[in-house]
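Here's the structure, in structure tokens; my notes come after.
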Amino acid sequence: MSLKNPAALEFLHSRRSRPAKTLIAPAPSRDELLPLLTAAARSPDHGKLEPWRFIVLEKGAMPRLSALTQDRGVALGKTPEEITKAQSQFDMGHLAVAVIEVQKPSEKIPAIEQTYSAGAVCLALLNAALAAGWGANWLSGWQVHDPEFCHQAFDLQDNERVAGLIHIATEGTTPPERPRPDVAAITEWVSE
């Protein structure tokens, strides 16, 4: 029988992402980040395929990614507003972890389950960062869905894609609580 962990449950009931634009320096050091990555890697992984990996984007990588976002936005015909919004996560970023979904051949594990596992890693990393006292936010954007951006930015292969960019740094301001789902309205009980 598993032991109860009321502190963990209370954390999950009150967790709140911190908007990336409110994150300030410092970001976690490599030594501070490793336990968070370790926690994220304990996510459900049917078949033990490890269908994900991490690319840590430190402050020095952000200008290159912002410039690449500008270049790809122009090439894709994005509006100046769309480009500026997409660049902002890199222009203001201190540290982000790109969680890379790695689709692996498997006769037993469907591709969708590998995608779900990569999403679980994103959420686990976000929650680990918040539980450790950091501010954190899970972002994406049109640029991380652009294969050419992903190839140039991260050297992704054909079987890889960005599941999420988890920005982690110091919480600058505490965001207000936001409306949450009415669990009773979205829950169905089946007893037969």
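The values are calculated or read from the model by the stated rules, or taken from the named source; none is laboratory data. This is a predicted model, so every value here is computed, not measured. For neighbour counting, all protein chains shown are included, and Cβ atoms are generated from backbone atoms with ideal geometry for every residue, glycine included.
The set of residues from the range 76-93 being hydrophobic (A, V, I, L, M, F, W, C), in contact (Cβ under 8 Å) with a residue 40 or more places away in the chain and touching a Lys or Arg at 6+ places or on another chain (Cβ under 9 Å) comprises ALA86, MET92. Scanning the range 8-37 for residues that are loosely packed, with under 11 Cβ neighbours inside 10 Å and more than 21 Å from VAL183 (Cβ to Cβ) yields a total of 4. Annotation for the range 171-192: no member residue is crowded, with 21+ Cβ neighbours inside 10 Å, modelled with pLDDT of 95 or more and either under 27 Å from ASP31 (Cβ atoms) or not polar (S, T, N, Q) (or both). What number of residues within the range 41-85 are in contact with a Phe, Trp or Tyr (Cβ under 6 Å, 6 or more places away or on another chain) and small (Gly, Ala, Ser)? Of the residues in that region, 1 qualify. Exactly one residue out of VAL99, VAL56 is touching a residue at least 24 places away in the same chain (Cβ under 8 Å), of a type in the set (Val, Ile, Thr), under 23 Å from PRO147 (Cα atoms) and buried (at least 20 other Cβ atoms within 10 Å of the Cβ), and it is VAL99. For the range 155-179, filtering for residues that are more than 21 Å from ALA128 (Cβ to Cβ) and part of a loop (DSSP other than H, G, I, E, B) leaves 10.
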